[in-house]
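*Asks:* Structure in structure tokens, see below.
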Amino acid sequence: MRKHIGWVAGATAAVLVAAGAITYAVAEDGDGGGGSGLKVPSADGADAGFARDMAVHHQQAVEMSYIIRDRTTNTEVRRLAYDIAQTQSNQRGMLLGWLTLWDLPKVSAKPPMSWMGMGDMPERGDGSLMPGMATDTELKKLGTLNGKQAEVFYLQLMTDHHKGGIHMAEGCVAKCTVAVEKSLAQGMVDAQQSELTTMKQMLTERGAKPRD
């Protein structure tokens, strides 16, 4: 129980730190509104679309990381999962914070990825709303595995998740107009590509490989 509290406290603290920096970052970028007279992103544009979609995408990565924490005692995997949970909780707080500052909705009637011109892309279904996202069935399966089996499945799921997240973040780098958000998206690309390399090595060590 104490370990659970530590994980939650760490992720919560990260979000609070991010929240403290949100206003400054957006104001510096000239898109904070608040009477500045500067243009706020549109509800249907890439900036808002990326913020909404990536917040959902990140939430699942956090969920998977909490699941694996309870399914293995391996220090290496638990450390990776903790880093992913903390980082993506932090980033999710920033994305939702920007939507609040822009006074834009956190949900949209349009399909996910519409801001990337991919709104008509068929979904996997079963809770998998965007590229890389696990299905509800896969999440339930992860929660039934233990030890090495759980580690391999988590690493495979998170590899798929990162690949989808990188694709989305690259879309923001190309299409978003708010400089601080483009910078955050590029940081996601760089960090998750590095983690993909790490996870591939961890899978190899366990006699497994990423799913094709």
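*Asks:* Just checking, how many residues over the stretch 87-114 are at pLDDT 95 or above, closer than 15 Å to residue 56 by Cα, surrounded by 15 or more Cβ atoms within 10 Å (Cβ to Cβ) and not small (Gly, Ala, Ser)?
*Replies:* 10
*Asks:* When only residues in the stretch 45-73 that are out of contact with any helix residue (DSSP H, G or I) (no Cβ under 6 Å at 6 or more places or on another chain) and not in a helix (DSSP H, G or I) count, which is nearest to residue 133 (Cα to Cα)?
*Replies:* So the residue we want is 70.
*Asks:* Just to be sure, is residue 121 touching a residue at least 60 places away in the same chain (Cβ under 8 Å) and either out of contact with any Lys or Arg (no Cβ under 6 Å at 6 or more places or on another chain) or open to solvent by less than 60 Å² (accessible area, probe 1.4 Å) (or both)?
*Replies:* Details: touching a residue at least 60 places away in the same chain (Cβ under 8 Å): no; either out of contact with any Lys or Arg (no Cβ under 6 Å at 6 or more places or on another chain) or open to solvent by less than 60 Å² (accessible area, probe 1.4 Å) (or both): yes.
Here the answer is no, as residue 121 does not meet what is asked.
*Asks:* Let me ask something else. Between a residue in the stretch 168-182 that is more than 12 Å from residue 54 (Cα to Cα) and any residue that is open to solvent by 10 Å² or more (accessible area, probe 1.4 Å) and outside any helix (DSSP H, G or I), which pairs come within a Cβ distance under 7 Å, given they are 6 or more apart or on different chains?
*Replies:* So the pair list comes out as 177/41; 178/31; 178/41.
*Asks:* Of all residues in the stretch 148-182, which are in contact with a helix residue (DSSP H, G or I) (Cβ under 8 Å, 6 or more places away or on another chain), farther than 20 Å from residue 96 by Cα and surrounded by fewer than 18 Cβ atoms within 10 Å (Cβ to Cβ)?
*Replies:* 163
*Asks:* Further question: Restricting the search to the stretch 194-209, which residues are open to solvent by 60 Å² or more (accessible area, probe 1.4 Å) and among the small types (Gly, Ala, Ser)?
*Replies:* Residues satisfying the conditions are 194, 207.
*Asks:* Hey, any hits in the stretch 147-161 for a residue that's at positive phi and modelled with pLDDT of 95 or more? Please lay out each step first, then the result.
*Replies:* If we filter the stretch 147-161 for residues that are at positive phi, which is where we start, we get 147.
Of the ones still in play, those that are also modelled with pLDDT of 95 or more are 147.
Yes, the conditions are met somewhere in the stretch 147-161.
*Asks:* Sticking with this structure for a sec: As an exercise: evaluate residue 145 against (1) touching a residue at least 24 places away in the same chain (Cβ under 8 Å); (2) assigned to a helix (DSSP H, G or I); (3) hydrophobic (A, V, I, L, M, F, W, C); (4) surrounded by fewer than 19 Cβ atoms within 10 Å (Cβ to Cβ) and give the number of the one condition it does not meet.
*Replies:* (2)
*Asks:* Now a separate question. Keeping to the stretch 70-86, report how many residues are in contact with a Leu (Cβ under 7 Å, 6 or more places away or on another chain) and open to solvent by less than 50 Å² (accessible area, probe 1.4 Å). Spell out the reasoning first.
*Replies:* Pass one, the stretch 70-86, residues in contact with a Leu (Cβ under 7 Å, 6 or more places away or on another chain): 71.
Right, trim to open to solvent by less than 50 Å² (accessible area, probe 1.4 Å) and you get none.
So the count comes out to 0.
The values are calculated or read from the model by the stated rules, or taken from the named source; none is laboratory data. Only a predicted model underlies this, so the values are computations on that prediction, with no experimental measurement involved. Here the Cβ is made from the backbone with ideal geometry for all residues, glycine too, and neighbour counts use every protein chain on show. These area figures cover heavy atoms from the full protein model, side chains too; ligands, DNA and RNA do not enter into them. Shrake-Rupley method; radii C 1.70, N 1.55, O 1.52, S 1.80 Å.
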